[in-house]
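The values are calculated or read from the model by the stated rules, or taken from the named source; none is laboratory data. Everything quoted here is computed from the prediction, not taken from an experiment. Note that we place each Cβ from the backbone using ideal geometry, even for glycine, and neighbour counts take in every protein chain shown.
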Amino acid sequence: MSTPQFAILPARAPLILSGPDAVPFLQGLVSNDVEKAAPGSAVYAALLSAQGKFQYDFFVTQMQGNLVLDTEASRLDDLAKRLKLYKLRSKVTIERAENLVVIAAWGAGADKALSVGGVAYIDPRLAAAGVRLIAPANFADTLRAAGFAEASEADYDAHRLSYGLPDGSRDIEIDKAVLLECGFEELHGVDFTKGCYMGQELTARTKYRGLVKKRLLPVAIEGDAPPAGTPITLDGKDAGELRSVNGQAGIALIRLDAFDKARIEGLPLMAGAVPLSAWTPEWMSLPAKDE
């Protein structure tokens, strides 16, 4: 039997929203139904621009009656500043959780992490991704005592890439990406019945008019991995862009017509001079194409 693993994720950090208006305040801004967040469970959501383009994503859960957002550490202060712009008269306090870290646990038996303390929840995007925790840094000792093996953030990165899961702005381009291009519908990051939120019009139009022409897809790189941002071509023509990379695995934004042509005709996608192949994880739903 394999041992479940855990890793502290320094690239992630918690943001606390407290006060009587915290839930309705966030509910009117983000893509998912914040009222479904509860102790022991979370929702995945995004904050969009008024034009419907990606700004930030995060997991939302509850801790001691407050909302907790698990988000990108490097952009946390910017997110807090952005949320405060919309605060107006809402009775909500927005502040960094200085003494808490984000931890991921995965592998067979990772669900044990739900009962060992801290704020723990199954990844709302995909249960196979594992459990996420918000806890003090010394909580690592508790997980070791519970039989978890400590791994690195890079190990977790390889794990999430094995499922084709995007990682914030590493994969989702700020001010340009549309949520449904990035798997938010299949990954339970959009609620189409919750009511108005910022950027809702473009998200709904993209869904109901079938306007998705490109997708974030996991890729297998056949050689030394080029850097993130490398253009991808098919038969010399633009086909997309490589996003995050870990070894020979990565995620790329790829035009669906190029993906279909490469698959049907057996042509290689190229990231610079390096060939790669794109694939679709089980959770992803793409339009059916005749071969």
Return yes when L126 is under 26 Å from M284 (Cβ atoms) and either surrounded by fewer than 17 Cβ atoms within 10 Å (Cβ to Cβ) or in contact with a Pro (Cβ under 9 Å, 6 or more places away or on another chain) (or both) and no when it is not.
yes
Filter the stretch 219-271 for residues that are of a type in the set (S, T, N, Q) and on the phi > 0 side of the Ramachandran plot and give the result.
none
Being surrounded by fewer than 19 Cβ atoms within 10 Å (Cβ to Cβ) and hydroxyl-bearing (S, T, Y) is the filter here; which residues of the stretch 211-237 pass it?
T233
Restricting to the stretch 196-237, count the residues that are in a strand (DSSP E or B), of a type in the set (A, V, I, L, M) and more than 19 Å from S169 (Cα to Cα).
3
Answer yes or no as to whether I103 is under 20 Å from A129 (Cα atoms) and touching a residue at least 40 places away in the same chain (Cβ under 8 Å).
yes
Filter result (charged (D, E, K, R), surrounded by fewer than 16 Cβ atoms within 10 Å (Cβ to Cβ) and either part of a loop (DSSP other than H, G, I, E, B) or touching a strand residue (DSSP E or B) at 6+ places or on another chain (Cβ under 9 Å) (or both)) within the stretch 238-280:
D238, D257
Look at T203 and say whether it is more than 17 Å from L161 (Cβ to Cβ), of a type in the set (S, T, Y) and either surrounded by fewer than 16 Cβ atoms within 10 Å (Cβ to Cβ) or within 20 Å of the chain's Cα centre (by Cα) (or both).
yes
Restricting attention to the stretch 216-229, does a residue exist that is β-branched (V, I, T), modelled with pLDDT of 95 or more and in contact with a helix residue (DSSP H, G or I) (Cβ under 8 Å, 6 or more places away or on another chain)?
no
Do you know which residues across the stretch 84-111 are surrounded by fewer than 14 Cβ atoms within 10 Å (Cβ to Cβ), farther than 16 Å from P10 by Cβ and of a type in the set (D, E, K, R)?
K84, R89, K91, E95
Out of Q62, Q55, sole residue that is among the polar types (S, T, N, Q), within 14 Å of M198 (Cα to Cα) and surrounded by 17 or more Cβ atoms within 10 Å (Cβ to Cβ):
Q55
In this structure, does L234 turn out to be touching a helix residue (DSSP H, G or I) at 6+ places or on another chain (Cβ under 6 Å) and more than 17 Å from S285 (Cα to Cα)?
yes
Here the qualifying pairs (Cβ atoms under 9 Å; residues six or more apart or on different chains; first in the stretch 11-32 and in contact (Cβ under 8 Å) with a residue 24 or more places away in the chain and surrounded by fewer than 18 Cβ atoms within 10 Å (Cβ to Cβ); second basic (K, R) and assigned to a helix (DSSP H, G or I)) come out as A11/R170
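The rows are residues; the columns are (1) under 15 Å from the mean Cα position of the chain (by Cα); (2) within 29 Å of V116 (Cβ to Cβ).
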{"residue": "P4", "(1), (2)": "no, yes"}
{"residue": "I16", "(1), (2)": "no, yes"}
{"residue": "V23", "(1), (2)": "no, yes"}
{"residue": "L29", "(1), (2)": "no, no"}
{"residue": "N32", "(1), (2)": "yes, yes"}
{"residue": "L47", "(1), (2)": "yes, no"}
{"residue": "L67", "(1), (2)": "no, yes"}
{"residue": "A73", "(1), (2)": "yes, yes"}
{"residue": "D78", "(1), (2)": "no, no"}
Would you call D238 acidic (D, E) and within 20 Å of D155 (Cα to Cα)?
no
